[in-house]
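Notes follow the structure.
What follows draws every value from the coordinates through simple rules; no lab data is involved. What you are looking at is a predicted structure, and each value in this text was computed from that prediction instead of being measured. Cβ coordinates were reconstructed from backbone atoms using ideal geometry, including for glycine residues, and neighbour counts include every protein chain displayed.
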Amino acid sequence: MEPSVPLYELESVACSAQHSGALAALRLLRSYNHFLVPPDVHNVVGPLLAALPPQPHCLPPYCHHIPPRTTLLPSPVSEVEIRRRGEKRPIPAELKDEKYFERRRRNNQAAKKSRDARRIREDQVWSTKIIAWRACILEQENASLRAHVSALQQEALTLRSLLASRDETPDPSSTTPD
């Protein structure tokens, strides 16, 4: 065994915990394959590691248009962003008849209806963005898990072939005459 190659190579992963298990398993597989697997099989692990999704932001390229989770939450509106309303003009008491109060009542109902509709629209937009964000994360996790399964299947195949070749070769102690 070479002293320069560590037996277990577990590098820290800057990404979230959902990818660290698969990456650690692949790196561990790569590190101990140097000791267990013949050199002609080492080229199998490289493409598996290369097939892993990119580390930054843990998202595939088609999901980068979605804002990060921190921006999905509504932020408080600053005073600059608030639209200034016109100044209130007091209505003289003599103009406040039944017709005026009916207009005010209808206007208040329309304003309430408009506010409620706006809130519903905003909630739908936010929930759509959150669902899309979650879908991208789940797709990323799915790809990572598929790579992990593929690496484990390859490892099982390699170990089976190693055992089969070991069973085929005669044991040196059994071939010596007594």
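Below, the figures for the structure above:
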read-out	value
Stretch gain in nm, segment Arg104-Glu87, where the contour uses 0.36 nm per residue and the Cα spacing is subtracted	4.4 nm
Leu138 paired with Trp126, simple spin-label distance in nm, labels 7 Å along Cα-to-beta-carbon	2.1
Residue-by-residue Karplus 3J(HN,Hα) for the range 109-119, coefficients 6.51, -1.76, 1.60, Hz, glycine and proline x	5, 5, 5, 5, 4, 5, 4, 5, 5, 5, 4
Mean Cβ neighbour count within 10 Å, used as a protection proxy, ranking 125-138, 90-103, 108-121 highest first	125-138, 108-121, 90-103
Residues of type lysines that Lys99 reaches as a straight line, Cα spacing below 23 Å, ignoring anything fewer than 8 places off in the same chain	Lys88, Lys112, Lys113
Theoretical gain in end-to-end length, Val149 to Glu94 [0.36 nm per residue, Cα-Cα removed]	11.6 nm
